[in-house]
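Structure record follows, encoded as structure tokens.
The values are calculated or read from the model by the stated rules, or taken from the named source; none is laboratory data. Note that this is a predicted model, so its numbers are computed, not measured. Backbone-built Cβ (ideal geometry, glycine too); neighbour counts: all protein chains shown. Just the protein is used for accessible areas: all its heavy atoms, side chains included, with ligands, DNA and RNA removed. Shrake-Rupley method; radii C 1.70, N 1.55, O 1.52, S 1.80 Å.
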Amino acid sequence: MKQSLQLRTSQHLALTPQLQQSIRLLQLSTLELHQELEQLLTDNPLLERLDDPLDHSLRLLSDGAISQQAPVGDAPPEGPPGSQEAPAADADNYDGPAADTESTTADADVDWSDAGRSKAPDDEDARPQLEASHCTLREHLMEQMRVTVLEMRDRALVELIIDALDENGYLEEPLEEILARLPEELELDLDELQTALSMLQSFDPMGVGARNASECLALQIKRLPGVPMVTRRMALAIVENHLTWFAQRDFNKLKKALLCDDEDLREAQTVIRQCNPHPGSAFASDVSDYVVPDVIVKKSRTGWQVSLNNDVMPRLRVNAMYANLLKQGKGEGAMGAQLQEAKWLIKNMRQRFDTILRVAQAIVERQKNFFSHGAVAMRPLVLREIADTLGLHESTISRVTTQKYMLTPHGMFELKYFFGSHVATEAGGEASSTAIRALIVQLTGAEDPKNPLSDSKIADMLGEQGMVIARRTVAKYREALKIPPVSLRKSL
């Protein structure tokens, strides 16, 4: 077979480093973006932030002088020449070491957000507030033990049981197993452990030290003030003997077993609902997660206005000193590559926020009824519709709407919330699944507690409004909304 050389023309997509960085930045959440940015700022000395928390720190200027960095948006301090920080070099117009070194350096504050942010007043409110120390359940119980238990042996046993409690305040390990783990030379018996447990169960919060839900509720009912004796006895009988029927809301069996009427059972139910089945949950150290919006939607005279949240937009620029050194031909070869990387990052960061803003504006334009009337007015929307409108790829829209949040008058929503499947209507149109979920919430919220709506009834009521939906679909939406079934929503 004879070998030969041939020329062929073909097309292929080349993912340049700049394009790869642009795609990566676009899909990052706000928290991940700032973490990525901190790493890039550490690796690249030519990149710096205008909103750096160290704005008041001392900086080394390009001429070797030391000056204090002025806060962003403030006027430069007055003083003799050379005492102020030199302006940054224009990174976008930088021509390399061969450029004229005597030309005047232009301002290079590459910033696409609103300039001149207002500075917080220097008063007491502007100082950092320290968070109060968190008191754990163990610390709370140990403090009570030091005050109420005097004997050192009893203190040791109570502390032993405290250490065996779980985060909800329950003692899941039987006393027999605790006793078996202790050395025989202590000469302990089960009665001593039971006495220590009784001491612990008298502590606050009520119900702590219980071994199951029934005992936890019973301990609290016994200590609730202002409860009539008859009602207290009935509530104790329910939680100790018929808690399963009570959880399943099988009121007919409860009335038959307790020989009571609806009024007596309703009063006992009110007492039980005052109890907390998880007494230790108030001392949990779980920290709430807060979401910072990427875009903000507000009502104006001309309609709904979408704006970027300046608080999550980093303000970047090329470092003036290093850029001037490169212009004077004093920089190393590696600094040229770092300068190009800094310019790429600034451009890709600007493109990221511009794309988020365009997508958010397109979403608001198509979901005007949602912002005016709520979730019941949500219309069906798919990623392809926004992609075709903006001339972007569908995968780009998916990246933009993932872990990006919009603050609206109705609350905080992820951008993906505004996209959803559709259900056909009798008129031949389409209804959003989000709107159907909102209608289910409205229907179940306005139902008669004594006669709640079944899934079939809800499907029929939606059908009367022109929405063709099956009972199993209603059940799926109801479970997704964490609405209990009809048997658990029934009350006396």
Take V239 and tell me if it is farther than 22 Å from Q144 by Cβ, among the β-branched types (V, I, T) and more than 38 Å from the chain's Cα centre (by Cα).
no
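Say we look at region 252-275 and pick out the residues that are out of contact with any Leu (no Cβ under 9 Å at 6 or more places or on another chain) and of a type in the set (S, T, N, Q); which of these is least open to solvent (accessible area, probe 1.4 Å)? Even if it seems obvious, please write down each step before you answer.
If we filter region 252-275 for residues that are out of contact with any Leu (no Cβ under 9 Å at 6 or more places or on another chain), which is where we start, we get 252-253, 256-257, 259, 261, 267, 270, 273.
This time we only want the ones that are of a type in the set (S, T, N, Q), so: 252, 270.
Numbers: N252: 109, T270: 76 Å².
Among those that are out of contact with any Leu (no Cβ under 9 Å at 6 or more places or on another chain) and of a type in the set (S, T, N, Q), it is T270.
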Which numbered condition M406 misses (of (1) open to solvent by less than 30 Å² (accessible area, probe 1.4 Å); (2) out of contact with any Lys or Arg (no Cβ under 7 Å at 6 or more places or on another chain); (3) assigned to a helix (DSSP H, G or I); (4) not basic (K, R))
(3)
Note on region 330-351: residues open to solvent by 50 Å² or more (accessible area, probe 1.4 Å) and either within 26 Å of the chain's Cα centre (by Cα) or farther than 22 Å from T42 by Cβ (or both) are K330, R350, Q351
So the check is Cβ under 6 Å with 6+ separation or different chains; which pairs have a first residue in region 361-375 that's part of a helix (DSSP H, G or I) and a second one that's open to solvent by 60 Å² or more (accessible area, probe 1.4 Å)?
A362/T389
Which condition number does T473 fail, the rest of (1) in contact with a Lys or Arg (Cβ under 9 Å, 6 or more places away or on another chain); (2) in a helix (DSSP H, G or I); (3) of a type in the set (S, T, Y) being met?
(1)
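Conditions tested, residue by residue: (1) part of a helix (DSSP H, G or I); (2) among the aromatic types (F, W, Y); (3) touching a helix residue (DSSP H, G or I) at 6+ places or on another chain (Cβ under 7 Å).
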site	(1), (2), (3)
M199	yes, no, yes
P205	no, no, yes
L217	yes, no, yes
Q220	yes, no, no
L236	yes, no, yes
W245	yes, yes, yes
Q269	yes, no, no
I272	yes, no, yes
G280	yes, no, yes
Taking region 477-488 and keeping only residues that are outside any loop (DSSP other than H, G, I, E, B), loosely packed, with under 15 Cβ neighbours inside 10 Å and not small (G, A, S), one is left with E479, L488
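Matching residues to (1) open to solvent by 70 Å² or more (accessible area, probe 1.4 Å); (2) closer than 22 Å to D311 by Cα; (3) part of a helix (DSSP H, G or I):
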residue	(1), (2), (3)
S4	yes, no, no
T9	yes, no, no
L19	no, no, yes
R24	yes, yes, yes
H34	no, yes, yes
Q39	yes, yes, yes
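Suppose we filter I458, I440, I436 for residues that are outside any loop (DSSP other than H, G, I, E, B), open to solvent by less than 30 Å² (accessible area, probe 1.4 Å) and free of Cβ contacts under 8 Å to residues at least 24 places away in the same chain; which single one remains? First the steps, then the outcome.
Working: I440 fails: free of Cβ contacts under 8 Å to residues at least 24 places away in the same chain; I436 fails: free of Cβ contacts under 8 Å to residues at least 24 places away in the same chain.
Result of the check over I458, I440, I436: I458.
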Identify the residue in region 302-350 that is among the aliphatic types (A, V, I, L, M) and free of Cβ contacts under 8 Å to residues at least 12 places away in the same chain and, among all such residues, is farthest from E48 (Cα to Cα).
A334
Residues of region 376-402 being closer than 30 Å to I440 by Cα and part of a helix (DSSP H, G or I), in sequence order, are V376, A377, L383, R384, E385, I386, I397, S398, V400, T401
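Which one of V295, V287 is of a type in the set (A, V, I, L, M, F, W, C) and at pLDDT 90 or above? Give the derivation first.
On the way: V287 fails: at pLDDT 90 or above.
Just one listed residue meets the conditions, V295.
Sort through G391, G420 and tell me the only one that's out of contact with any Asp or Glu (no Cβ under 9 Å at 6 or more places or on another chain) and modelled with pLDDT under 90.
Numbers: G391 fails: modelled with pLDDT under 90.
None of the others qualify; the one that does is G420.
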